[in-house]
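Asker: Quick one: the structure is below, questions incoming.
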């Protein structure tokens, strides 16, 4: 059975970059009738917060991405320690005592000599007495002993990958304070949970190489790996500094539609065109992992706005009746109100401002040269209520009285009645106006 996972760290709000991994893994699981695991990577007790765990769940639920079960890495420490003991028994993990400062000096020395900054395995030469002495002086950390051979796999996006393990430092699996690091916890979890497919960012390629060795040593089956490209800004700039403004919860607060987000992210960076989908299942059905490329993917949050507007315009009245009522629209006008404004709102938050225009009147936009014209035109407008013929009858009367025609006639009247330069057909607007416009 296909098993995938999304393993966010609850150290902040998940952002649009995190969503790629979540969505890709979700789609693979659902396409194959498999399981999608939400695995909370909370082995860092100082930075992990429960509010972020709940935020992750809320964001995924908002998007319509359901999970089959939840796992917490903080509840699996015993499993990680058992795996550590197995690696010790096999001679594949070793204790190290260098401080961060000492390691940094080693790296700088290697770089100055033109050598790659790879850990020199000095800890392997320590005697038992030397280790006892160092333990009394300082903390220790544990590294996995890599076989210094080529690690190869067929990546689902990048194609054939080959990394020389001799060019990579033996990865630290357990920190000096006892914290289980991502590399180790993920391997143990993926192996014991039967994860078959893993899609994550291209910045994890080296991690994947070392994890493949650890998985094999622990007797697990290596999953199928794929590494998606990283997001950049619209001009190719690094997106990392902007991700605080691209948290999913912030997009939700801005009124961005979930289907706009999913439709864009399920195709962005692939050879397939972005198409607005009507449901999560349609997104899943149209997803093809092999169509994604390795080049950095440009993301512009502004692309979500027209998709959101199109999504909103496609909604039937019953889907938005609650929001229309919350905007203050009387029930008997709800359907006609929606028919008029549906193509003229970028988010559902704009329903209330439109109703305010209809119910209370707009703050008129009148250019100085149109002051006299608007005053004369409003004198010709009868009192409410208005109907579908009001606009035609009124504008013909204004045209006859003032000689104005075309844009010079219609645009000033639109601006005066709605306070806007764009909007629904004015013939449709008039029946919704509840008060007689005044200056």
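Asker: Whether any residue in the stretch 325-338 is buried (at least 19 other Cβ atoms within 10 Å of the Cβ) and touching a residue at least 60 places away in the same chain (Cβ under 8 Å) is what I want to check.
Answerer: Of the residues in the stretch 325-338, the ones buried (at least 19 other Cβ atoms within 10 Å of the Cβ) are 327, 329, 337-338.
Next, only the ones that are touching a residue at least 60 places away in the same chain (Cβ under 8 Å) stay: 337.
Checked the stretch 325-338: at least one residue is buried (at least 19 other Cβ atoms within 10 Å of the Cβ) and touching a residue at least 60 places away in the same chain (Cβ under 8 Å).
Asker: Scan the stretch 228-272 for residues that are in a strand (DSSP E or B) and either on the phi > 0 side of the Ramachandran plot or crowded, with 22+ Cβ neighbours inside 10 Å (or both) and jot them down. Even if it seems obvious, please write down each step before you answer.
Answerer: Of all residues in the stretch 228-272, those in a strand (DSSP E or B) come to 228, 231-232, 238, 247, 270.
Passing the criteria: 228, 231.
Asker: For the stretch 352-399, give me the residue count where each residue is part of a helix (DSSP H, G or I) and within 30 Å of residue 255 (Cα to Cα).
Answerer: Within the stretch 352-399, the first condition is being part of a helix (DSSP H, G or I), and the residues that meet it are 352-360, 368-379, 390-399.
Subsequent filtering for residues that are within 30 Å of residue 255 (Cα to Cα) retains 352-360.
Residues in the stretch 352-399 being part of a helix (DSSP H, G or I) and within 30 Å of residue 255 (Cα to Cα): 9 in total.
Asker: Of these, 407, 392, which one is exposed (fewer than 12 other Cβ atoms within 10 Å of the Cβ), in the same structural domain as residue 357 (by TED's automatic domain parsing), free of Cβ contacts under 8 Å to residues at least 60 places away in the same chain and more than 18 Å from residue 362 (Cα to Cα)? Don't jump to the end; show me each part of the working.
Answerer: Values: 392 fails: exposed (fewer than 12 other Cβ atoms within 10 Å of the Cβ).
On inspection, the qualifying residue turns out to be 407.
Asker: Of the residues that sit in the stretch 1-19 and are buried (at least 21 other Cβ atoms within 10 Å of the Cβ) and in contact with a helix residue (DSSP H, G or I) (Cβ under 6 Å, 6 or more places away or on another chain), which one is farthest from residue 199 (Cα to Cα)?
Answerer: Across the stretch 1-19, the extreme among qualifying residues is 10.
Residue-wise test of (1) surrounded by fewer than 17 Cβ atoms within 10 Å (Cβ to Cβ); (2) more than 25 Å from residue 117 (Cβ to Cβ).
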| position | (1), (2) |
| --- | --- |
| 148 | yes, no |
| 154 | yes, yes |
| 158 | no, no |
| 162 | yes, no |
| 166 | yes, no |
| 173 | no, no |
| 188 | no, yes |
| 197 | no, yes |
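Asker: Let me ask something additional. For a quick check of your reading: which strands (runs of 3 or more DSSP E) sit entirely within the stretch 96-172 and have at least 3 residues that are touching a helix residue (DSSP H, G or I) at 6+ places or on another chain (Cβ under 6 Å)? Before you say what the answer is, go through the steps one by one.
Answerer: Working: elements: 141-144, 150-155, 159-164.
Filter on the stretch 96-172 gives an empty set.
Asker: Would you mention how many residues in the stretch 65-93 are assigned to a loop (DSSP other than H, G, I, E, B) and either out of contact with any helix residue (DSSP H, G or I) (no Cβ under 6 Å at 6 or more places or on another chain) or farther than 17 Å from residue 218 by Cβ (or both)?
Answerer: Pass one, the stretch 65-93, residues assigned to a loop (DSSP other than H, G, I, E, B): 65-68, 76, 90-92.
Narrowing the set further to residues that are either out of contact with any helix residue (DSSP H, G or I) (no Cβ under 6 Å at 6 or more places or on another chain) or farther than 17 Å from residue 218 by Cβ (or both) leaves 65-68, 76, 90-91.
Of the residues in that region, 7 qualify.
Asker: Ok, one more. Select from the stretch 97-117 the residues that are in contact (Cβ under 8 Å) with a residue 12 or more places away in the chain and either in contact with a strand residue (DSSP E or B) (Cβ under 6 Å, 6 or more places away or on another chain) or surrounded by 15 or more Cβ atoms within 10 Å (Cβ to Cβ) (or both) and list them in ascending order. Give the steps one after another, and end with the answer.
Answerer: Restricting attention to the stretch 97-117, the residues satisfying the condition of being in contact (Cβ under 8 Å) with a residue 12 or more places away in the chain are 97-99, 103, 106, 116-117.
The answer is 97, 98, 103, 106.
Asker: Does residue 59 fit the bill of being part of a helix (DSSP H, G or I) and in contact with a helix residue (DSSP H, G or I) (Cβ under 8 Å, 6 or more places away or on another chain)? Outline the logic, then answer.
Answerer: Working: part of a helix (DSSP H, G or I): yes; in contact with a helix residue (DSSP H, G or I) (Cβ under 8 Å, 6 or more places away or on another chain): yes.
In short, yes.
Asker: Out of everything in the stretch 282-292 that is touching a residue at least 24 places away in the same chain (Cβ under 8 Å) and assigned to a helix (DSSP H, G or I), what residue ends up being nearest to residue 197 (Cα to Cα)? It would help to see each step written out before you state the result.
Answerer: From the stretch 282-292, those touching a residue at least 24 places away in the same chain (Cβ under 8 Å) are 283-285, 287, 289-290, 292; that's our starting set.
Pick out the ones that are also assigned to a helix (DSSP H, G or I) and you get 283-285, 289-290.
Details: 283: 19, 284: 16, 285: 18, 289: 12, 290: 13 Å.
That would be 289.
Asker: Is it the case, given these coordinates, that residue 424 is in contact with a helix residue (DSSP H, G or I) (Cβ under 8 Å, 6 or more places away or on another chain) and farther than 21 Å from residue 343 by Cβ? If you could, list the steps in order and put the result at the bottom.
Answerer: Numbers: in contact with a helix residue (DSSP H, G or I) (Cβ under 8 Å, 6 or more places away or on another chain): yes; farther than 21 Å from residue 343 by Cβ: no.
Judged against the criteria, residue 424 is not a match.
Asker: Within the stretch 397-408, is there a residue that is touching a helix residue (DSSP H, G or I) at 6+ places or on another chain (Cβ under 6 Å) and under 30 Å from residue 326 (Cβ atoms)?
Answerer: no
Asker: Sticking with this structure for a sec: Quick one: residue 53 ticks every box in (1) surrounded by fewer than 21 Cβ atoms within 10 Å (Cβ to Cβ); (2) touching a strand residue (DSSP E or B) at 6+ places or on another chain (Cβ under 7 Å); (3) not in a helix (DSSP H, G or I) except a single one, so which number is it?
Answerer: (3)
Asker: Hey, among the residues in the stretch 80-96 that are surrounded by fewer than 16 Cβ atoms within 10 Å (Cβ to Cβ) and in contact (Cβ under 8 Å) with a residue 24 or more places away in the chain, which one's nearest to residue 29 (Cα to Cα)?
Answerer: Filtering the stretch 80-96 down to residues surrounded by fewer than 16 Cβ atoms within 10 Å (Cβ to Cβ) leaves 81-82, 85-86, 88-91.
Narrowing the set further to residues that are in contact (Cβ under 8 Å) with a residue 24 or more places away in the chain leaves 86, 90-91.
Numbers: 86: 31, 90: 34, 91: 36 Å.
Among those residues, the one meeting the criterion is 86.
The values are calculated or read from the model by the stated rules, or taken from the named source; none is laboratory data. Quantities reported herein were computed from a predicted structural model and do not represent experimental measurements. Cβ coordinates were reconstructed from backbone atoms using ideal geometry, including for glycine residues, and neighbour counts include every protein chain displayed.
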